[in-house]
Ligand SMILES: Nc1ncnc2c1ncn2[C@@H]1O[C@H](COP(=O)(O)OP(=O)(O)OP(=O)(O)O)[C@@H](O)[C@H]1O
Ligand SMILES: [Mg+2]
């Protein structure tokens, strides 16, 4: 059953007799009107502001008009794709409108957040709330198809399935879309069918999602507000993790086991892997960098195939974002910055989805610009602005015809031979952990994430099977960040609860001695500095600085980060630029930051940073 939207004209992937028994939002053909003034005809056609609303500072250009080659070349791949695609879409549509957005059934639903355009002209979203149950539903709004269009869609899909060869590795979807349109024209004329532009483009929308995109979940995959998309089985609505609304039900459901099974197989193929009854569990990376976890059939997940996609962020979160989220304070970020510069080894630990990888990536932006960096991961998540960076990825043998499988351990050993200045390991779990700690013990600056909730839990995990690291090696680890999902004022959010230094070992009890440099106080939602840090001593020894000088250094860096936060300068390239500038010559940038902070604080008193 379609959960929130009833599309009387149906969706093409579904059999035409599949009509919802009880529409929750009705779409009456006679009173279809676009009520929203903001997205009135003209503006919705030209409005591409949505593309850039997540982008930070430097990319916030209005790109309604033509851009020159140079600007185009500077755009990020996805941004360029969207720009070119929009242009192509506009040319194809020639000013026609594909459909009117259906109104909601006001007896049962109320609008919680009105129309947001995802793919201009083609797809939109809206958040609606059930008046009775108060449940929020994320509605994916896509072009409706008439019976004739549904028939043509079916015909074209089967023709194309046998005849289309798309180069998906190239990932230039704009070229692929052009080819798809051309093939559609060819098969339509072969069948002697003539359709108008609007029908053609409506059918094209579904075919391009099917062949080039993510089919039924396309809208969510394209929505920049979406963090996760997950499906728990047949007949259960797809759930998303929305940046603003957190876990939210959607209007999209896979109705049939077969449809869902095929979809999961398709996702696996797209990531170059294989899923089946024989190999029903899959962990993979989709071409756009998103992370995929899937199960196949009813053997291991009784409700049918399932999947979770953690979407790849085009703009990774930076320290400035984390400061704005209050995951940590500017002073803590400054401390981490110094820790990076002075070669502390670090581990970010926490539960599932506590934000470990994100924090690790944000910390890496503090690495001085030309340092040699090697990252080692199972799935590609790290995004660094550095040029001297080798990104290593493990490989499973399963499902591949040739080639050896390469695990983390092998990659790590190879990486160490290349003498990186900084080595970043996605997540340690198995035998590679020993290699990481051996490397740390020899002074190799290494960062990693680990799944554990406290320092004692980390030590326990490390010292016991399958990892079995001797305690003496654990002392090679300098700094542990304990991150968690917590509730603040009844809202779920993320905090670095403790920044803990591993100081040494008690000679008598052999216990590990640690020092909490910063601690989060849940009652006040504030961070407290203990007044003491091993890192300070290390810097004093090395540079001959006094405590006051180091404290000043922390304040300077904290103010620079604060300044970026007040300016909403969150883009990772931009953050890295400022960090580099600071490394080159800190004084002018600190002065500028302090000067501007005074007025910025008055402009945004609510930020309280
Ligand atoms: N500090 C934060 N504030 C808000 N959202 C965050 C924060 N850190 C991470 N996120 C978001 O939370 C999700 C999970 O983050 P991330 O992948 O870093 O977690 P993780 O702990 O590494 O997860 P896993 O256990 O699966 O490895 C991502 O969508 C990310 O964008
Ligand atoms: Mg992770």
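The values are calculated or read from the model by the stated rules, or taken from the named source; none is laboratory data. This one's a predicted model, so the numbers in the text were calculated from it and none came from an experiment. Here the Cβ is made from the backbone with ideal geometry for all residues, glycine too, and neighbour counts use every protein chain on show.
For the subset of the range 411-432 comprising residues that are in contact with a helix residue (DSSP H, G or I) (Cβ under 7 Å, 6 or more places away or on another chain) and assigned to a helix (DSSP H, G or I), which member is nearest to ligand 2 (Cβ to nearest atom)?
Among those that are in contact with a helix residue (DSSP H, G or I) (Cβ under 7 Å, 6 or more places away or on another chain) and assigned to a helix (DSSP H, G or I), it is 432.
Before we move on, is residue 380 within 15 Å of ligand 1 (Cβ to nearest atom), modelled with pLDDT under 85, assigned by TED's automatic domain parsing to the domain that holds residue 571 and assigned to a loop (DSSP other than H, G, I, E, B)?
The answer is yes for residue 380.
Scan the range 264-289 residue by residue and report those that are crowded, with 20+ Cβ neighbours inside 10 Å and touching a helix residue (DSSP H, G or I) at 6+ places or on another chain (Cβ under 8 Å).
Within the range 264-289, 275, 282, 284, 286 meet the criteria.
Among (1) touching a strand residue (DSSP E or B) at 6+ places or on another chain (Cβ under 7 Å); (2) away from ligand 2 (no atom under 16 Å from the Cβ), which single condition is residue 364 missing?
Failing condition for residue 364: (2).
Could you count how many residues in the range 319-374 are over 18 Å from residue 581 (Cα atoms) and either within 17 Å of the chain's Cα centre (by Cα) or within 14 Å of ligand 1 (Cβ to nearest atom) (or both)?
Summing the residues that are over 18 Å from residue 581 (Cα atoms) and either within 17 Å of the chain's Cα centre (by Cα) or within 14 Å of ligand 1 (Cβ to nearest atom) (or both) in the range 319-374 gives 25.
Where the second residue is assigned to a loop (DSSP other than H, G, I, E, B) and within 15 Å of ligand 2 (Cβ to nearest atom) and the first is in the same structural domain as residue 461 (by TED's automatic domain parsing) and at pLDDT 90 or above and lies in the range 421-436, which pairs have Cβ atoms under 7 Å and are six or more apart or on separate chains?
424/382; 426/378; 426/381; 436/428
Among the residues of the range 571-587, write down those that are outside any helix (DSSP H, G or I) and without any contact (Cβ under 8 Å) to a residue 12 or more places away in the chain.
585 - this is the single residue of the range 571-587 that is outside any helix (DSSP H, G or I) and without any contact (Cβ under 8 Å) to a residue 12 or more places away in the chain.
Restricting the search to the range 528-538, which residues are in contact (Cβ under 8 Å) with a residue 60 or more places away in the chain and in contact with a helix residue (DSSP H, G or I) (Cβ under 6 Å, 6 or more places away or on another chain)?
535
Inside the range 447-479, can you point out the residues that are more than 16 Å from ligand 2 (Cβ to nearest atom) and part of a strand (DSSP E or B)?
479, the sole residue that qualifies.
State which residue is nearest to ligand 1 (Cβ to nearest atom) when the search covers only the range 458-485 and only residues that are farther than 24 Å from residue 364 by Cβ and touching a residue at least 40 places away in the same chain (Cβ under 8 Å).
459
Which of the following residues is within 13 Å of ligand 2 (Cβ to nearest atom), at pLDDT 95 or above, within 21 Å of residue 565 (Cα to Cα) and in contact with a strand residue (DSSP E or B) (Cβ under 8 Å, 6 or more places away or on another chain): 359, 327?
Step by step, each of 359, 327 is checked, and only 359 is within 13 Å of ligand 2 (Cβ to nearest atom), at pLDDT 95 or above, within 21 Å of residue 565 (Cα to Cα) and in contact with a strand residue (DSSP E or B) (Cβ under 8 Å, 6 or more places away or on another chain).
Can you pull out every residue in the range 249-260 that is farther than 16 Å from residue 214 by Cβ and out of contact with any strand residue (DSSP E or B) (no Cβ under 7 Å at 6 or more places or on another chain)?
Residues satisfying the conditions are 255, 256, 257, 258.
Of everything in the range 106-140, what is in contact with a strand residue (DSSP E or B) (Cβ under 9 Å, 6 or more places away or on another chain), part of a loop (DSSP other than H, G, I, E, B) and without any contact (Cβ under 8 Å) to a residue 60 or more places away in the chain? Give them in sequence order.
Step one: of the range 106-140, the residues in contact with a strand residue (DSSP E or B) (Cβ under 9 Å, 6 or more places away or on another chain) are 108-118, 123-131, 135-140.
Keeping just the survivors that are part of a loop (DSSP other than H, G, I, E, B) gives 108, 131, 135.
Matches in the range 106-140: 131 only.
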